[in-house]
Amino acid sequence: MLLLQGLRPVPALEELLDTTLVPLRHAAELARPLAHLRGRTASAAERELALAAEAESALGQRVLARLAERALPQDPALRAGRVFLPAEITGRPSKDECWVAYPGPAEVAPGTPVVCGDVFVGRVVELRPGARPAARVQLITHAHARVGAEVAAGAVAGAESEGPVFLTVGGLRVPRSRAEPRAVRLAAHQPSSVRLAGGLARVHELFADADEAAALADGFRLGTVRRAGERNDFWVEPELDYLDGLFHLALVLAPQDAPALAPVPAPLEDGRWLTTRALVPRDASPWRSTLALPLGHADGLREGAAVTSVGARLVGRLLAVGPARADVALLDDPGLHLGAVALVEGSEEPVVLGRLTALGRAGPGAVRMRWWVRVSIALAGQGEPVRARLFTSPGDPGLPGGLYLGSTLLPRAATAGEEREIVLTTGFEARELGRLFVRRALEGAP
């Protein structure tokens, strides 16, 4: 029956399976993955994972803490006269917008600047009140986004003493031909001098004095202005991956609007996990890698949610959720995708990789992953690739940041626009795991 269902799903059979599995749901219970490390019953694979679980969890939390720190400006000049409200991306309604959650109460208003480190990211366009308030942010990549910018004096070719060049930045530059790199570039509009040779662009609104929010954004970086030939358009080479590299941001407020901040519990300890066990492999296709769980919408599950084993090891994500059954795409299931950050051997600074897509199994406990490089990276040293540990990045609904993925070898240099393939070593076989944990959605989530 399962073979027939895997090859050609039958609606009546789907409904029968859902109804049959309803009693099994009651075996699930709220749990904390770290609390089960010393359980009496565990498979050999689980016992192996448990040996490093606490260390991996602590390392993942350190990675998240460092990413959150990097969302705050480091330049003392940018910190002066401003306060910064930490915000975490919780969803992406489109590639050019994101929802962020921030500690409340705070005097956030539409137009509030949003930054990541010393870089201007966008502005708040909508607010959603609640116990943990949220704001919708329009990114600088949005077609309608515009911000005034300035390139410092000396940026004009052949005119070293000439003053700064003013321009407007916003939206994406459309490539002129297929021969151009696939790198993301911000559009530059109406420079005050066509002889602009390039340089660092910073936010500078000409009439910032008339708008307090605009003044708060002044001086933040946008990227490097470039041009390929005298007859081509200008563009701005961004310093961030706006699509898959934004996790923690900061809302820029006036000093009098600073709120009191409350701590947020770590994802593995927040009580939003259900413990369960897998049924039989869900998909009969030999090239797929999936499992079925006896849980569904009635338990608070949503597509994309994380599925882990003991500790902080990611096993997969929910692919489809029915009334009382959920299908899990394992890490080696072709097409599974997630955001990732790397901790390179010998370094404490996380490297933002962006989005990885599974291409399939590379052997026992190993996965082929496609990596499209959106922002160039240059790691210390030369020669052979360097080993790195990979963790999930924040920002995907239902998939907390800091979950351990495994290890890989990364090139020491990669250029924006390149497409690379890496092999992720997970070190375990998901089907050998007995106990699993699945992430529940927040109350009231769609």
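The values are calculated or read from the model by the stated rules, or taken from the named source; none is laboratory data. Quick caveat: nothing in here was measured; it's all calculated off a predicted structure. Backbone-built Cβ (ideal geometry, glycine too); neighbour counts: all protein chains shown. Heads up: the accessible areas ignore ligands, DNA and RNA and are worked out on the full protein's heavy atoms, side chains in. Shrake-Rupley method; radii C 1.70, N 1.55, O 1.52, S 1.80 Å.
Laid out as a table, the results:
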read-out	value
Within the stretch 297-309, considering residues that are in contact with a helix residue (DSSP H, G or I) (Cβ under 7 Å, 6 or more places away or on another chain) and open to solvent by less than 10 Å² (accessible area, probe 1.4 Å), the one farthest from residue 90 (Cα to Cα)	309
Cβ pairs under 9 Å, 6+ apart, first in the stretch 119-131 and without any contact (Cβ under 8 Å) to a residue 60 or more places away in the chain and aromatic (Phe, Trp, Tyr), second in a strand (DSSP E or B) and surrounded by 16 or more Cβ atoms within 10 Å (Cβ to Cβ)	none
Single match in 336, 343 (criterion: closer than 13 Å to residue 430 by Cβ, at pLDDT 90 or above, within 17 Å of the chain's Cα centre (by Cα) and not basic (Lys, Arg))	336
Test: residue in the stretch 376-386 that is open to solvent by less than 20 Å² (accessible area, probe 1.4 Å), under 26 Å from residue 328 (Cα atoms) and at pLDDT below 95	no
Residue check, residue 420 of a type in the set (Lys, Arg), under 14 Å from residue 361 (Cα atoms) and open to solvent by 30 Å² or more (accessible area, probe 1.4 Å)	no
Residue in the stretch 359-374 that is more than 17 Å from residue 67 (Cα to Cα), of a type outside the set (Lys, Arg) and in contact with a His (Cβ under 8 Å, 6 or more places away or on another chain) present	no
Qualifying residue in the stretch 164-179 (condition: farther than 30 Å from residue 351 by Cβ, modelled with pLDDT under 85 and charged (D, E, K, R))	yes
Complete set of residues in the stretch 348-375 that are more than 16 Å from residue 331 (Cα to Cα), among the hydrophobic types (A, V, I, L, M, F, W, C) and open to solvent by less than 50 Å² (accessible area, probe 1.4 Å)	351, 352, 353, 373, 375
Selected residue [of a type in the set (Gly, Ala, Ser), part of a helix (DSSP H, G or I), at pLDDT below 95 and over 17 Å from the mean Cα position of the chain (by Cα)] from 106, 58	58
Hits in the stretch 396-417 (condition: open to solvent by 10 Å² or more (accessible area, probe 1.4 Å) and either basic (Lys, Arg) or in a strand (DSSP E or B) (or both))	396, 404, 407, 409, 412, 413
Residue identified as more than 25 Å from residue 80 (Cβ to Cβ) and either at pLDDT 80 or above or of a type in the set (Asp, Glu) (or both) among 126, 205, 212, 150	126
The one condition in (1) modelled with pLDDT of 90 or more; (2) touching a helix residue (DSSP H, G or I) at 6+ places or on another chain (Cβ under 8 Å) that residue 273 fails to fulfil	(1)
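Each row is one residue, and each column tells you yes or no for (1) in contact with a Lys or Arg (Cβ under 7 Å, 6 or more places away or on another chain); (2) open to solvent by less than 40 Å² (accessible area, probe 1.4 Å).
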position: 88; (1), (2): no, no
position: 106; (1), (2): no, yes
position: 111; (1), (2): yes, yes
position: 131; (1), (2): no, no
position: 138; (1), (2): yes, no
position: 141; (1), (2): no, yes
position: 144; (1), (2): no, no
position: 152; (1), (2): no, no
